[in-house]
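Data first, discussion second: the structure below is written as C-alpha cells.
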Amino acid sequence: MRVFWCLLLLLLPCVPAFSQAVTGTIYGIVSDSTQAAIAGAKVTVVNTNTNYTREMQTQGDGSFRFPSLPLGVYRVTAEQAGFNTFTQEGMTLQVDQQLRVDMTLRVGNVSEKLEVTGEAPLVNATNAETSEVIDRQRVEMLPLNGRNFVQLLQLTTGTTPGATGDTQNNLVINQFRGSTAFTANGMPTRYN
C-alpha cells in the first residue's frame, strides 16, 4: 500500500492542467442585405495552416458557433442557395479568443463569390473582456532587465507594476529579481 501511495504521488504532476484553454471560438450571424437572418446557411471554417475544417448550418436566428477550435489563421465561408458565397480570409484565432464574424450574403448567382481579406476589428463590441497575446517575437526582442516575467505582463493594456517589494502573497522572493506583483485595471495585487 505504501508503494501505491508513493507511485501515485510521483505520477500526480503528470496530470494535465485542464483549466487552461488552448483553443478559441469563432461565432457570428449570417444575414442578407436587409439584415434578416438566414437560417440553414452552410458555414465552413478552415484553418489555412493545417487545413483543419469544420462546418455547420446556421440556427433559426442565423447564428453559428464553432467552439474549441485549434489556434491559427482561419478562412470562414458562408453559402446558401440563391445567394452569393461570402468568404472572409485571414482571421487569426488566439488563445481563448471569442472571434465574432458577421457575414452578409447578397442575392445573386451561385457562381458569384464575395471574398473579404483582413483582420477582425480591434474593438470587441460584444463583451467587456480584454486580453492580449504576447507572441514569441515580442518576447525575444524585449530587453527584459533581470529577466523578470512580470515585465511581459506590463505590455498588456491596463496592467501596471505593484508596490516596491510587494508580491502576490506579500513576501519578497528574491531581492535581485524584483517584484512579482502587478495590478490589472486598478485591482489590488492580491486579486491577480
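The values are calculated or read from the model by the stated rules, or taken from the named source; none is laboratory data. If you're wondering where the values come from, they're calculated on a predicted model, not measured in any experiment. Because the Cβ atoms are built from the backbone with ideal geometry, glycine has one as well, and the counts that use them run over all protein chains shown. Side chains are part of the model used for accessible areas, which takes the heavy atoms of the whole protein and leaves out ligands, DNA and RNA. Shrake-Rupley method; radii C 1.70, N 1.55, O 1.52, S 1.80 Å.
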inquiry  = Being over 21 Å from the mean Cα position of the chain (by Cα) and at pLDDT 75 or above: is that true of residue 78 here?
reply    = yes
task = Could you look through the stretch 18-31, keep only residues that are open to solvent by less than 80 Å² (accessible area, probe 1.4 Å) and more than 19 Å from residue 78 (Cα to Cα), and pick out the one that is modelled with the lowest pLDDT?
result = 21
task = Kindly indicate whether residue 116 is at pLDDT below 75 and in a strand (DSSP E or B).
result = yes
ask   = Within the stretch 85-105, how many residues turn out to be open to solvent by 40 Å² or more (accessible area, probe 1.4 Å) and polar (S, T, N, Q)?
value = 5
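Condition test on residue 73, is it surrounded by fewer than 18 Cβ atoms within 10 Å (Cβ to Cβ) and modelled with pLDDT under 90? Spell out how you get there, then give the answer.
On the way: surrounded by fewer than 18 Cβ atoms within 10 Å (Cβ to Cβ): yes; modelled with pLDDT under 90: no.
No, not satisfied.
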ask   = Is it fair to say residue 15 is within 15 Å of residue 101 (Cβ to Cβ), of a type in the set (Val, Ile, Thr) and either modelled with pLDDT under 95 or open to solvent by less than 80 Å² (accessible area, probe 1.4 Å) (or both)?
value = no
key: Enumeration of residues in the stretch 48-64 that are open to solvent by 50 Å² or more (accessible area, probe 1.4 Å), closer than 14 Å to residue 76 by Cα and outside any strand (DSSP E or B)   = 48, 49, 51, 52
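In the stretch 32-47, which residue that is in a strand (DSSP E or B) and open to solvent by less than 10 Å² (accessible area, probe 1.4 Å) is nearest to residue 85 (Cα to Cα)? Before you say what the answer is, go through the steps one by one.
Pass one, the stretch 32-47, residues in a strand (DSSP E or B): 32, 37, 42-47.
Filter again for open to solvent by less than 10 Å² (accessible area, probe 1.4 Å), leaving 43, 45, 47.
Numbers: 43: 10, 45: 13, 47: 18 Å.
Per the criteria, the residue is 43.
Considering the stretch 165-192 alone, what residues qualify as being polar (S, T, N, Q) and at pLDDT 55 or above?
If we filter the stretch 165-192 for residues that are polar (S, T, N, Q), which is where we start, we get 167-170, 174-175, 179-180, 183, 185, 189, 192.
179, 180, 183, 185, 189, 192, listed by residue number.
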message = Is it the case, given these coordinates, that residue 82 is without any contact (Cβ under 8 Å) to a residue 60 or more places away in the chain, open to solvent by 50 Å² or more (accessible area, probe 1.4 Å), farther than 15 Å from residue 25 by Cα and not aliphatic (A, V, I, L, M)?
response = no
